Amino acid sequence: MFRKRRNYRAFFALTMFFFLLLGIFLWVERVLQPTIFKIAETRAIQMATEAINRAVQRKVFDSNLQYQDFVQVHKDNQGHIVLMQANTLKINQLAADVTLMVQSALQQLSRESLRIPLGQITGTQLLAGYGPRIPVGIVPVGSVRVRVDDRFEQAGINQTRHRIYLDFNAEVRIVVPPRSATAQVATRVPLVESIIVGQVPGTFVNISGGLLSGQSINPGNTP
């Protein structure tokens, strides 16, 4: 009699424990997981952006790249700038090399360990580092797209700053079991720059679809 009663109590306790675990799982699934996934997405994009920046900086440093490597400035006998011409071959080669480096850097992210403490979802700095750590997977998707761009900015009296950038677009898949989604990574990395003293010429001949190509330049109106 007593044995049957103990067995019944044990069965009841196990049943309640099972439903408690199920309730916690459903609560985490519906309430916590969207927050956890958002934190993971933000962190993954940050890591991918940092990887892209490091790859470009390493390429610039290792190759000792200078503004003169990409843009040739032609002057007349009086020293006035009459033409600025981009080195198309150099720019295209750099874009190809950097793209390969960035793809390799993003692939490396998939081998790194990213774990988010559960306490981080509270938004409280005191608890951000505590609690079970949730594993997050980062997987590059597709190929990296890079575009060369530039900007002219007023830098002082009769001076114009010319900056050349690399605009990157990539996709990474973020995996927080059992959910996954694709996030866009877009970042602009400065490449080189130079201060142009004097009047900027009316045309800038360079690669099509990248830098300004044979268009009138008004540094004062350039955004």
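Summarising the amide proton neighbourhood of Leu191: residues at separation of 5 or more, or on other chains, whose placed amide H is nearer than 5 Å comprise Ile164, Tyr165, Leu166.
Note on Glu153 and Lys75: the model spin-label points, each 7 Å out from Cα along the C-beta direction, lie 2.5 nm apart.
Solvent-accessible area of Phe37, all protein chains in place: 10 Å² (probe radius 1.4 Å, heavy atoms, ligands and nucleic acids excluded).
At 1.4 Å probe size, put Met47, Met16 in order of accessible surface, largest to smallest.
Met16, Met47
Ligands, DNA and RNA excluded, the heavy atoms of Lys38 present near 120 Å² of accessible surface to a 1.4 Å solvent probe. Label positions at Arg111 and Asn92, each projected 7 Å from the Cα along the C-beta direction, are separated by 3.3 nm. Rounded to the nearest Hz, the phi-derived 3J(HN,Hα) couplings of segment 48-64 under the Karplus curve 6.51 cos²θ - 1.76 cosθ + 1.60 (θ = phi - 60°) are 5, 5, 4, 5, 5, 4, 5, 5, 5, 4, 5, 5, 5, 5, 5, 8, 6, where x marks glycine and proline. Note that segment 88-105 has calculated 3J(HN,Hα) couplings of 4, 4, 5, 5, 5, 5, 4, 4, 5, 5, 5, 4, 5, 5, 5, 4, 5, 5 Hz, one per residue in order, obtained from phi through the Karplus relation 6.51 cos²θ - 1.76 cosθ + 1.60 (θ = phi - 60°); glycine and proline are x.
Subtracting the Cα-Cα distance of Gln103 and Arg163 from 0.36 nm times their residue separation leaves 19.2 nm of extension gain.
The values are calculated or read from the model by the stated rules, or taken from the named source; none is laboratory data. Quick caveat, the model's predicted, so the values are computed rather than measured. Backbone-built Cβ (ideal geometry, glycine too); neighbour counts: all protein chains shown. The protein model used for the area step is the full one, side chains on, heavy atoms only, and it has no ligands, DNA or RNA in it. Shrake-Rupley method; radii C 1.70, N 1.55, O 1.52, S 1.80 Å.
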